[in-house]
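The values are calculated or read from the model by the stated rules, or taken from the named source; none is laboratory data. Predicted, not measured: the structure shown is a model, and the values here were computed from it. Note that we place each Cβ from the backbone using ideal geometry, even for glycine, and neighbour counts take in every protein chain shown.
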Amino acid sequence: MIRPRLPFVRTALRTAALAAATAGMLLTFAQPASAAVPSGRYVALGDSFTAGPLIPTQTDLNCLRSNRNYPSLVAASARSSSFADVSCSGATTNDILYGGSGQLGIQLPPQLNAVNSSTALVTVQIGGNDIGFSSIISTCAEDSLSSPFGSPCKNRYTAGGTDQLRARIDATVPKVTTVLQSVRAAAPNARVVVLGYPAILPDSGYGCWPKVPIAYQDVPYLRGVQKSLNTMLANTTAANNATYVDVYTPSIGRDACKSKSTRWVEGLIPENSAAPFHPNAAGEQGMANAVLATLNS
């Protein structure tokens, strides 16, 4: 979801990358049991929460894509006849529809190009970068330094009586709609699945500043923003005859404030191999399990 190219996150990414390279550790998790999911061609579209930046092993440095992300786990469990993971860190809905550039500046075709009439399953996880999540996190973290017990971030984004972040979410509805309609046109017989985003902040309370540098009173506000984003994705999915996968509920209690062995999402300075404020290998496994459970229900 976060665009690692922004300076605030780029610095943390380099720190995390160095730590990962030094440790040389590959976390392993049991594969989910085989489920009754489409076993034909599977295409994964999405941003960095799909790609799995800095989770070993990285198979595409331009997109910071891991072979242990949830699409890879789903494909292995479903025994997909063919598999195309074109997710890319930093991607927006425009990258899915029209193409763009990756982390190394290499130009990429539209992710949608990977979807064709023989595709049986498509997963989509997008929208976080459309609302500017990276800049939100960096801005709120910087604001917390001057007022760790207040709500400087909420004050910034609701100044003048308009909640700018809720407005951004509303403006993303037609973009996600276009993505889903384009996927359906390209693969009319495919099962189309849309994922929300797992919990970054605790589902209750006021966070864990400075471990996760969000001011105490800003935590409930940003938690509400993420829930609103997920609600928008769920509603847009239903309106376009696709299947929504709730990955937030199973991630409750596994947010960035939790212990290294419990969390699904890392904080500013990752303790597991992952990018800052992104899912680690356990988080990708958890999202894979949620996808498989939904498809098999």
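Observations, loosely collected:
- Test: residue in region 250-263 that is without any contact (Cβ under 8 Å) to a residue 60 or more places away in the chain and part of a helix (DSSP H, G or I): yes
- Enumeration of residues in region 186-239 that are small (Gly, Ala, Ser) and touching a Cys at 6+ places or on another chain (Cβ under 7 Å): Gly207, Ala215
- Some residue of region 68-81 being assigned to a strand (DSSP E or B), in contact (Cβ under 8 Å) with a residue 24 or more places away in the chain, under 19 Å from Leu112 (Cβ atoms) and under 17 Å from the mean Cα position of the chain (by Cα): no
- The set of residues from region 44-59 being touching a helix residue (DSSP H, G or I) at 6+ places or on another chain (Cβ under 6 Å) and not in a loop (DSSP other than H, G, I, E, B) comprises Ala44, Leu45.
- Answer residue from region 119-131, given it is among the aliphatic types (A, V, I, L, M) and in a loop (DSSP other than H, G, I, E, B) and is nearest to Pro213 (Cα to Cα) among those: Ile131
- Residue match in region 103-111 (condition: modelled with pLDDT of 95 or more, over 24 Å from Ile131 (Cβ atoms), out of contact with any helix residue (DSSP H, G or I) (no Cβ under 7 Å at 6 or more places or on another chain) and surrounded by 23 or more Cβ atoms within 10 Å (Cβ to Cβ)): no
- Being under 28 Å from Asn69 (Cα atoms), free of Cβ contacts under 8 Å to residues at least 12 places away in the same chain and of a type in the set (A, V, I, L, M) is a condition met by at least one residue of region 175-192.
- Filter pass, Ser87 being surrounded by fewer than 24 Cβ atoms within 10 Å (Cβ to Cβ), modelled with pLDDT of 95 or more and outside any helix (DSSP H, G or I): no
- Among residues of region 158-187, those that are surrounded by fewer than 17 Cβ atoms within 10 Å (Cβ to Cβ) and of a type outside the set (A, V, I, L, M), counted: 11
- The helices (runs of 4 or more DSSP H) falling completely within region 132-236 that include 3 or more residues that are more than 23 Å from Ala256 (Cα to Cα) map to 164-186.
- Unmet requirement for Tyr221, which otherwise passes all of (1) farther than 26 Å from Asp95 by Cα; (2) modelled with pLDDT of 95 or more; (3) surrounded by fewer than 19 Cβ atoms within 10 Å (Cβ to Cβ): (3)
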